[in-house]
Amino acid sequence: MIIPVRIKDSLYDVHLGENILQEFCERNAEAFQKVDQIVVISDENVWNLHKDYFQQNFSLPYKIHLVPNGEACKTFESYFNVQTFLLQENCSRNSILFALGGGAVGDLTGFVASTFMRGIPFYQIPTTILAHDSAVGGKTAINHPNGKNMIGAFYQPKEVLYDFHFLQTLPETEVRSGLAEVIKHALISDENWVNEFLHLASIADIQKRELLVWLEKGIRVKAQIVELDEREQSYRKYLNFGHTYGHAIEASVGYGKITHGEAVMIGLIPALMLSELHGKVEVGYAHKVFGLAKKLGYQFQHVLNCSFEQLATFMLKDKKTTNGELHFALLQKIGEPFVKVISMEEVKKCDEQLRK
Ligand code: NAD
Ligand code: ZN
């Protein structure tokens with residue numbers, strides 16, 4: 001299955017399916033003959049788990065460069081090491097990069113690609129559920145000690161190759177993390193789709209076939225929004241649903257101590273509470289999703305380990321905050337997002353509900 005993404009002058013496809021790596025290489029073999037180097041960037045976890053599959057199916061000559069697992073690769077040091085590797089391997093403007101991994105590897109590789117020799121093409125091969133979100137839309141970044149994703153670029157991949165084969169080895173924590181972004185995509189786009197989650201009793205309950213359909217739907221939602229607004233001037237802010245409070249939880253608990261998705265799931269609840277107040281979302285809906293999240297094992301006790309003052313400080317530092325005003329993505333009704341300025345007092349009331 002192919003989902004086209006059209007962002008101004010970039011036009012690329014997201015290919016989805018199981019065991020599609022070999023087909024990708026066959027389809028591109030001729031074009032890639034003109035390339036002087038292909039470099040695959042991956043992390044140690046992913047490479048150890050999937051090198052056999054990759055080597056058997058990626059029938060193009062390539063060099064591999066491994067970076068630390070997960071968030072630890074989004075550092076200046078990793079960024080520098082990848083650039084050094086590319087220079088040592090005599091890469092040029094005619095070289096291409098592949099990101100084989102989760103959102104962290106994708107964000108790092110995309111940022112390297114956007115700056116090496118002023119920009120070389122890159123391809124995303126996402127290996128996590130969460131990366132159905134991060135691989136599409138062209139946000140690339142590394143972290144600064146003063147803030148996550150602070151150094152980056154908008155830089156679109158040439159293609160996203162989402163081979164579901166890789167998802168088989170994901171631990172439950174990562175499935176849970178990625179599912180939160182899927183649920184977010186459902187909440188901002190389609191109430192009937194949200195209902196499909198409500199029957200779930202646990203993460204183990206998720207059927208592979210339904211997950212693949214959800215990932216396809218999530219990519220379509222993301223693609224539609226970024227096509228309208230690549231640079232987050234308007235519609236793209238809807239994708240931040242759950243993220244204002246979620247990012248504050250992620251920063252307060254500490255990156256690496258909580259997954260991005262777990263923090264987003266926590267953040268969805270105040271966003272829904274505020275949508276009941278400021279939109280026409282049926283009263284009690286936030287509570288219903290709260291119940292679902294707890295059933296699925298999202299750990300709300302993280303909130304108790306952060307003071308509200310700490311969360312407020314992070315919310316005020318957030319990229320979405322301007323002149324001390326919190327710009328919250330909310331829902332008019334399920335599937336209909338909008339953005340509203342919200343006072344810290346209102347957020348505090350929601351926070352108190354979460355702590356009960
Ligand atoms: P990740 O890349 O940190 O991966 C999570 C963990 O799973 C890592 O330890 C990794 O080694 C492991 N892993 C990856 N694939 C695996 C597989 N198939 N089997 C077993 N283990 C596997 O995390 P993520 O959750 O994919 O992405 C989070 C990152 O994405 C964050 O840095 C976040 O800022 C970024 N992000 C970016 C965007 C964007 O638009 N660019 C959007 C959302 C999130
Ligand atoms: Zn997110």
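The values are calculated or read from the model by the stated rules, or taken from the named source; none is laboratory data. Treat the numbers as computed from the prediction; the structure is a model and nothing was measured. Note: ideal-geometry Cβ built from the backbone for every residue, glycine included; neighbour counts use all protein chains shown.
Would you confirm whether or not segment 75-89 contains a residue that is within 16 Å of ligand 1 (Cβ to nearest atom) and touching a His at 6+ places or on another chain (Cβ under 7 Å)?
The answer is yes; a qualifying residue exists.
Answer with yes or no whether residue 207 is of a type outside the set (Ser, Thr, Tyr), closer than 25 Å to residue 27 by Cβ and without any contact (Cβ under 8 Å) to a residue 60 or more places away in the chain.
So residue 207 fails the test.
Among the residues of segment 242-263, write down those that are of a type in the set (A, V, I, L, M, F, W, C) and not in a strand (DSSP E or B).
Selection gives 248, 249, 251, 253, 263.
Select from segment 167-205 the residues that are surrounded by 18 or more Cβ atoms within 10 Å (Cβ to Cβ) and among the β-branched types (Val, Ile, Thr) and write down the one among them that is nearest to ligand 1 (Cβ to nearest atom).
Only one residue fits best here, namely 175.
Among the candidates 265, 315, which residue alone is within 16 Å of ligand 2 (Cβ to nearest atom), under 16 Å from residue 327 (Cβ atoms) and in the same structural domain as residue 340 (by TED's automatic domain parsing)?
Residue meeting the stated conditions: 315.
Any residue at all in segment 255-266 that's over 19 Å from the mean Cα position of the chain (by Cα) and surrounded by fewer than 22 Cβ atoms within 10 Å (Cβ to Cβ)?
There is no residue in segment 255-266 that is over 19 Å from the mean Cα position of the chain (by Cα) and surrounded by fewer than 22 Cβ atoms within 10 Å (Cβ to Cβ).
Would you kindly identify the strands (runs of 3 or more DSSP E) lying entirely within segment 123-165 that contain at least 3 residues that are touching a Gly at 6+ places or on another chain (Cβ under 8 Å) and near ligand 1 (Cβ under 10 Å from one of its atoms)?
139-144
With the condition kept exactly as written, say whether any residue in segment 131-142 is at pLDDT 95 or above and more than 16 Å from ligand 2 (Cβ to nearest atom).
yes
Taking the options 145, 157, name whichever one is over 16 Å from the mean Cα position of the chain (by Cα) and in the same structural domain as residue 109 (by TED's automatic domain parsing).
That would be 145, the only listed residue that is over 16 Å from the mean Cα position of the chain (by Cα) and in the same structural domain as residue 109 (by TED's automatic domain parsing).
If you check residue 237 against the conditions, is it under 24 Å from residue 314 (Cα atoms), within 12 Å of ligand 2 (Cβ to nearest atom) and outside the structural domain of residue 47 (by TED's automatic domain parsing)?
Here the answer is no, as residue 237 does not meet what is asked.
List the pairs whose first member sits in segment 231-254 and is more than 15 Å from residue 350 (Cα to Cα), whose second member is among the polar types (S, T, N, Q) and surrounded by fewer than 22 Cβ atoms within 10 Å (Cβ to Cβ), and whose Cβ atoms are under 6 Å apart, counting only residues at least 6 apart or on separate chains?
252/310
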